Amino acid sequence: MIKAVKGMRDILPPASAVWNRVEAAARAVFASYHYAEIRTPLVEETALFARGVGADTDIVGKEMYTFEDRDGASLTLRPEATASVMRAYIEHSLGQKPGVQKLYYMGPMFRRERPQKGRYRQFFQIGAEAIGTESPAMDAEVIEMVVELLERAGLEGFHLLINSVGDPNCRPAYVELLRETLKPVAGRMCGDCQRRAETNPLRVLDCKVEQDQEIINALPSILDHLCAACAEHFGRVRRYLDDRGIGYETRPRMVRGLDYYRRTTFEITHGALGAQNSVLGGGRYDGLAESLGAKTAAPGIGFSIGEDRLVMSVGGEGEQAGEGLDLYIAPMGEAAMREAAKLAGPVRRAGFSVEVGLEGKLKRSLELANKMAARWCLLVGDDEIAAGRYTLKEMSTGGQTAAAAEEIVERLRAGAAGRN
């Protein structure tokens, strides 16, 4: 038997209904902040991620699905979306449009990493980018939008972490300080940290290996080495968050794992995910456009939510995640089968979910209606057709009432209002 590829999975009903609810909530929040959807290709030139994400990152070095096309071009399944969005921004001259370009996306990403709870090789992200401003006010607005999105999706008890990783004016000196500080202790750290201590010391701060944390916690704080401009920017971000009443924790050793981040970085964690507890991460990437060949600067800030992890955190993987069925129509006999199809149309167009039975037998139809968790069952037989009135049965109480075809929708609406 052929099964799904390791690290990839099918999202089945009823859990898929929760995915739809989360995505609908995200779209509503994005619309209220004036973001428009962008859809980029699943496959990009490999150079896009090597230049944008960073050649020394684990994503580029270990995790990307890269292959050679028939014309010899190196192509990669996208491991993240920010580089793709910026590529589209540059290619289509979106910077010439008025105002900040606010774009959001939803879709699958691909990384060949070790599958674990909430982490898959094909995973889904919901994200957004605001391109065209360096203002700390936009940083705060993006974070505010993230908080509202998570709350609207049903997540409770999450924790916001923020930091600044400086810019090219102050970060190089801090990185060199890290390199010198790590020299006498790197040998006691994990293999990745030993390598990063020389090639990119900032990434040591992102290590999740428990035995390394004591050493990492003793390293110098980047907040003590920000230049005046970066310190002022970070201070204003925090004031704007305070003005909005958004709680946060400043985490000086929190960095993002991609090369393009500058100044503000942030992360949201949730206890339901265990050790790998990050639901989303984001930050400012003022130098990304130039690294991708743009002739003019395009500062921006964005984030990406791990949708798999968000759905898991809101409890959407359980068997009771589905919406249920509004109406099951139980026809009894061939004539009733034809009548049932005609009755179903107006009810569906009114926004209710309808299943039309195919058994033609009352007992079997009622069994199926129960198994499908139908709220109502409409009985259609020869007598009902002749009278023009059909038996509408409320499954939870067993109560029955007769309804003409034009009354069915109103009866369902009244029942829905009573539940609410």
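The values are calculated or read from the model by the stated rules, or taken from the named source; none is laboratory data. This one's a predicted model, so the numbers in the text were calculated from it and none came from an experiment. Virtual Cβ from ideal backbone geometry, glycine too; neighbours counted across all protein chains shown. For the accessible areas, the whole protein counts, side chains as well, though only heavy atoms, and no ligand, DNA or RNA atoms are used. Shrake-Rupley method; radii C 1.70, N 1.55, O 1.52, S 1.80 Å.
Within the accessible surface of the chain, defined with a 1.4 Å probe on protein heavy atoms only, the carbon and sulfur portion equals 49 percent.
Rounded to 0.05, the FRET efficiency of the residue 405 and residue 371 pair, given R0 = 22 Å and the Cβ-Cβ distance, is 0.25.
When only Cα pairs below 8 angstrom with a gap of at least 6 residues are kept, segment 286-420 shows a relative contact order of 20 percent. Out of 221, 313, 365, any idea which swings most in a Gaussian network model of the chain, alpha carbons joined below 10 Å? Comparing 221, 313, 365 in the GNM, the peak value goes to 365.
Semi-axes of the equivalent ellipsoid of segment 177-243 are 28, 13, 9 Å, computed as sqrt(5λ) over the eigenvalues of the C-alpha gyration tensor in descending order. Charge dipole of segment 84-232 (Cα centre as origin; +1 on each Lys and Arg Cβ, -1 on each Asp and Glu Cβ, all else neutral): 880 debye, rounded to the nearest 20. Between helix 171-182 and the chain there is an angle of about 80 degrees, using the helix long axis and the longest principal axis of the Cα atoms.
Against the chain, whose longest principal axis is taken from its Cα atoms, helix 82-91 shows a tilt of about 80°. Shape analysis of segment 126-210 places it in the oblate category; the axes a ≥ b ≥ c from the Cα gyration tensor give an a/c of at least 1.5, with a/b not above b/c. Rounded to the nearest whole angstrom, the semi-axes of the ellipsoid equivalent to segment 342-408, taken from the Cα gyration tensor as √(5λ), stand at 17, 15, 12, largest first.
Quick one: angle between helix 228-243 and the longest Cα principal axis of the chain, in degrees between 0 and 90, rounded to 10, please. With both axes taken from Cα atoms, the answer is about 30 degrees. Under the shape rule built on the C-alpha gyration tensor, where the axes satisfy a ≥ b ≥ c, the chain is prolate, since a/c reaches at least 1.5 and a/b is greater than b/c. Estimated from helices alone, the mean residue ellipticity of the chain at 222 nm is -10500 deg cm²/dmol (sum of -39500 (n - 2.57) over DSSP H runs with n ≥ 4, per residue).
Within the full protein context, the accessible area of residue 159 is estimated at about 80 Å² for a probe radius of 1.4 Å.
The listed residues 138, 1, 372, once ranked by accessible area (1.4 Å probe) with the largest placed first, stand as 1, 372, 138.
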